[in-house]
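What follows is one structure encoded as structure tokens, with my remarks underneath.
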Amino acid sequence: MKKIKQDIVKTLKKMNDLELIIGSEGNISCKNANKIFITPSGIETLKMNHDDIVEVDLKGRVLNNKKPSSEILMHLDLYKSKPKINSIVHCHSMWSSILSCQRKKIPAFHYMVAEFGGNDIKCANYATFGSSQLAKNVVTAMKEREGCLLANHGQLAIGKNLQIAFNLAIALEKICKQFFFCSLSKQTKILENDEMGKILKLFKNYKIRH
């Protein structure tokens, strides 16, 4: 359990180093059996240590007398809707936040969009941060997806483990930056659904092998 908490803190600090977060922004959780470990509310990343990580059960009941992230409902609902995932990474990174304010999904302008599970990357409808409505909106946007934008907010990525979710968060920020610039040009071409279907099958086979 201590290692899980240490890994969460280390990953959060890597996110800070990569400028995906600043101050006390962002949150990470990991699920282990019937317990969820999640970053606390209101503690700056650089001042955080593993003892600050909050333990909750699958119903959201706090087990170690600490205050969880304000986005605890979003994490809980995602784990309920996707029982095979074990980690969630959420941040307000620069380029994903910019696109989220435009409230547009990211189309298949690049084949790596398929890395997130489909032929586009959804943008969850806007709702106040920390609300049950936002949690519901994110679950909807994440149907058959492994990453999404949150309107006027930021981004979120999931995975079978923390490293996968973290890598996807980095990849999502990269693809948001690419799409921002591509969207400025009328020359940008969108891949056809048939082609994306082929790519999605290749990605699925790749993940099975790894």
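Values quoted throughout were computed directly from the atomic coordinates according to the rules given, and no laboratory measurement underlies them. These numbers were taken from a predicted model, which means no experiment stands behind them. Glycine also receives a Cβ, built like all others from the backbone with ideal geometry; neighbour counts cover every protein chain displayed.
Packing, as the average of other Cβ atoms within 10 Å across residues, places the peptides 115-126, 30-41 in the order 115-126, 30-41, highest first. Check cross-link reach from Lys122 to the lysines: straight Cα distance under 17 Å, and skip same-chain residues fewer than eight apart. Within reach: Lys82, Lys104, Lys105, Lys136, Lys143, Lys174, Lys177.
In a reduced charge model with +1 at each Lys and Arg Cβ and -1 at each Asp and Glu Cβ, the stretch 32-178 shows a dipole moment near 340 debye about its Cα centre.
Once C-alpha pairs closer than 8 Å and six or more residues apart are averaged by separation and normalised to the residue number of the chain, the relative contact order reads 19 percent.
Across every pair of non-identical alpha carbons in the chain, the mean reciprocal distance, once inverted, gives a Kirkwood radius of 17.3 Å.
The string of couplings for the stretch 3-8 from the Karplus curve (6.51, -1.76, 1.60, θ = phi - 60°) is 5, 4, 5, 5, 5, 4 Hz, one whole number per residue in order, with x for Gly and Pro. The peptide list 186-193, 160-167, put in order of mean Cβ contacts within 10 Å with the highest first, becomes 160-167, 186-193. Applying D = kT/(6 pi eta Rh) to the stretch 33-146, where Rh is the Kirkwood radius over alpha-carbon pairs, T corresponds to 37 °C and eta to 0.692 mPa s, the Stokes-Einstein value obtained is 212 µm²/s.
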